[in-house]
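**Q** One structure, pasted below without further comment.
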Amino acid sequence: MRRSKRLGVIMASLLIVASAVPTLDNFINPLSSVLNFYRLVVVFLAILTLIIFRGEVRLSGRRSFTRWMGFLLAWVLYGVILLGLAPYAEPVRGAKELFSILCGAFCFYILSNLHLTKDEIETVLRVLFFVLVALIVMGFVEIATGQHLPSSMFNDPDNEVKNRVSINSATGFMYNINDFSSLITLMLPVAIGRFRIKFHRVQLDPGWILVVCVWIINRINDANICIISIIVGVLLYFIIYSWRDRRGVALVFAGIALFFLILFLVYYFEFTKKADLISRTVDLVEKSEEGVGSVYSRSMLYKNGLNAGWISGFLGLGPGGFPAYYSVNQSDTLLINPHSLLMEILSQYGLIILALFLFLLITLFKRSFRLYQYSSDHDIREWGRTGAILIVTYVISSFASSSYIPFSFHWTLLALICLMTEIGHETEAARHTEEDTEKKMIGKRELQYEGMSSD
């Protein structure tokens, strides 16, 4: 059994690595546009899980996993129906999209059946930490050299956007800069608290260095939404911290707020060479009123998303339907991808799928936050705080990429949060049961002692 446990850690770690570097096989795989490294690994691990752990499947005992898997499979089934009936469903793009959702269900299936212990989950989280470090180093190398992998948009001869973006940006193993920024931003909450370095009797967390590094890469990539996600995540980190321990939190909170305010001002004054923050804001508003700029384009995209939902009776245009519809119908912007996961789901799969998705996200947030509130174990409390922050930053970061459903890492991330909350609650339940049993035993001994004393 111990060998299976080690294998479980290896499989979970491989899933994380494959999710972070989905195009690793782009050099040798002619089918990488459909079966890239991530999808091949997910399918392989799902089959391996079925073979090795078949006799130990415990889906019915873990409600979060059961709900998520049931929802994702129902989503795929509904998408297949729309693929055959919806007039704007795009067969090739739509099939890839549905396969991505199915891979998400596989991620939940794999992590739910590996039976990892608390310490083994910590090992997996540390693997994620080092993957993030490697991606950050890779990003800075790309920025310094202007060299990118063949899978990058900068090596795509048909991509016109690259002509408007500095080649000294970072894409990592992703296609474009927004996808890479979204990926490393999503990983950040897990990096906080994984390691402690003792320096002159003070324990330092190197995770905060990674926060600054990711901020810099996002700034160079002009990924403003990801920067907002970092700000919200850091503030939420200390707000949740203050929920349990208010001692000194005001000072810490003020210091962190000041730190990010300085970075924010540097971002506007030095990097953009603007002399006035107000003029920068006014410039964005004026461009939006003139019908140009990113603020205008995004607002029109979200309007298009609502319009697409309305046109379909909020049943959905079908898989790949958003770009297909606005390729043949008039749009207020030249962009044809929704640039928002929520709008992507609403416009292509309808209101019911979106409502169920949001319900599961909110439920996962509540379970994570409850774990932080009531657990007496430090590591499990950290899991709860990490999970709660990840849900919030996940929603914000999902506005960065042009199309988020095929994005590989977010399904693994959600499955990982599920795993942490489930194991955390199971550990707490077992601890309470053990304490209750111990109290009962002590009570019985006291009664026996009193009886012997009376005799």
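**Q** Could you tell me what percent of the accessible area of the range 321-421 is made up of carbon and sulfur, with a 1.4 Å probe and every protein chain present? Please report the intermediate quantities before stating the final value.
**A** Values: 2020 of 3080 Å².
That share works out to 66 percent.
**Q** Further question: By accessible area of protein heavy atoms, probe 1.4 Å, what ranking do 417, 239 get, highest first? Show your work: numbers first, answer last.
**A** Details: 417 0, 239 80 Å².
If we order 417, 239 from most to least accessible, we get 239, 417.
**Q** To continue, here is another question. I'd like the FRET efficiency for residue 168 and residue 35, computed as 1/(1 + (r/R0)^6) with the beta carbon distance as r and R0 of 30 Å, rounded to 0.05.
**A** 0.40
**Q** Using heavy-atom solvent-accessible surface (probe 1.4 Å) with all chains present, what is the largest-first order of 137, 392, 124?
**A** Descending accessible area places them as 137, 392, 124.
**Q** Please sort 397-410, 308-321, 364-377 by packing, taking for each peptide the average over its residues of neighbouring beta carbons within 10 angstrom, highest first.
**A** Working: 397-410: 24.4, 308-321: 22.1, 364-377: 18.2.
Put in order of decreasing packing, that is 397-410, 308-321, 364-377.
**Q** Follow-up question, since we're still on this one. Give me the percent relative contact order of the range 36-178, please, defined on Cα pairs under 8 angstrom at least 6 residues apart.
**A** Working: 106 pairs, mean separation 30.6, N = 143.
Worked out over the range 36-178, it gives 21 percent.
**Q** Here's something else I'd like to know. What accessible area per residue comes out for the range 375-424, rounded to a whole number of Å², with a 1.4 Å probe? Don't jump to the answer; show the numbers that get you there.
**A** Values: 750 Å² over 50 residues.
That works out to 15 Å² per residue.
**Q** Length gain on complete extension for the stretch residue 80 to residue 235, per 0.36 nm per residue less the alpha carbon to alpha carbon distance? Before the final figure, lay out each step's value.
**A** Working: separation 155, 0.36 × 155 = 55.80 nm, distance 4.10 nm.
The span from residue 80 to residue 235 would gain 51.7 nm if fully extended.
**Q** Could you work out the Rg to Rh ratio of the range 57-132, with Rh taken as the Kirkwood radius (inverse of the mean 1/r over all Cα pairs)? Each step should come with its number before you reach the end.
**A** Working: Rg = 16.3 Å, Rh = 14.4 Å.
In the range 57-132, Rg relative to Rh is 1.13.
**Q** Let me ask you something else. At a 1.4 Å probe radius, which order do 108, 130 fall into by accessible area, largest first? If you can, show how the numbers build up before the last one.
**A** Working: 108 0, 130 120 Å².
Output order, biggest surface exposure first: 130, 108.
**Q** Rounded, prolate or oblate: which fits the range 61-188 when a ≥ b ≥ c are the square roots of the eigenvalues of the alpha-carbon gyration tensor, with rounded for a/c under 1.5 and prolate only if a/b beats b/c?
**A** Working: a/c = 3.69, a/b = 1.20, b/c = 3.08.
It comes out oblate by the Cα gyration axes.
**Q** What percent does the relative contact order of the range 95-241 come to when contacts are Cα pairs within less than 8 Å and at least six residues apart? If you can, show how the numbers build up before the last one.
**A** Values: 138 pairs, mean separation 28.6, N = 147.
19 percent.
**Q** For a quick check of understanding: with a 1.4 angstrom probe and all protein chains in place, what accessible area in square angstrom does residue 378 have, to the nearest ten?
**A** Counting only protein heavy atoms, the figure is 100 Å².
**Q** Another question about this same structure. Kindly report, to the nearest 10 Å², the accessible surface of residue 352 as traced by a 1.4 Å probe over protein heavy atoms only.
**A** 120 Å²
**Q** OK, next. Please give the net charge around residue 122, taking every other residue with its beta carbon less than 9 angstrom from that of residue 122, where Lys and Arg add +1 and Asp and Glu add -1. Before the final figure, lay out each step's value.
**A** On the way: positive: 118, 126, 194; negative: 119, 120, 379.
Around residue 122, the surrounding residues sum to 0.
**Q** Along the charge dipole of the range 115-230, pointing to its positive end and built from +1/-1 on Cβ of Lys, Arg, Asp and Glu, which listed residue (204, 153, 218) has its Cα farthest out?
**A** The Cα lying farthest towards the positive end belongs to 204.
**Q** Follow-up. If you count only protein heavy atoms and use a 1.4 Å probe, how large is the accessible surface of residue 240, to the nearest 10 Å²?
**A** Accessible area of residue 240: about 0 Å².
**Q** For the range 65-214, report the accessible area per residue in Å² (1.4 Å probe, heavy atoms, rounded to an integer). Let's see the in-between values first.
**A** Details: 6490 Å² over 150 residues.
Result: 43 Å² of accessible area for each residue.
The values are calculated or read from the model by the stated rules, or taken from the named source; none is laboratory data. Owing to the predicted nature of the structure, the values given are computational and were not obtained by experimental measurement. Positions of Cβ are backbone-derived with ideal geometry, glycine not excepted, and every protein chain shown enters the neighbour counts. For accessibility, only protein heavy atoms count, side chains too; no ligands or nucleic acids. Shrake-Rupley method; radii C 1.70, N 1.55, O 1.52, S 1.80 Å.
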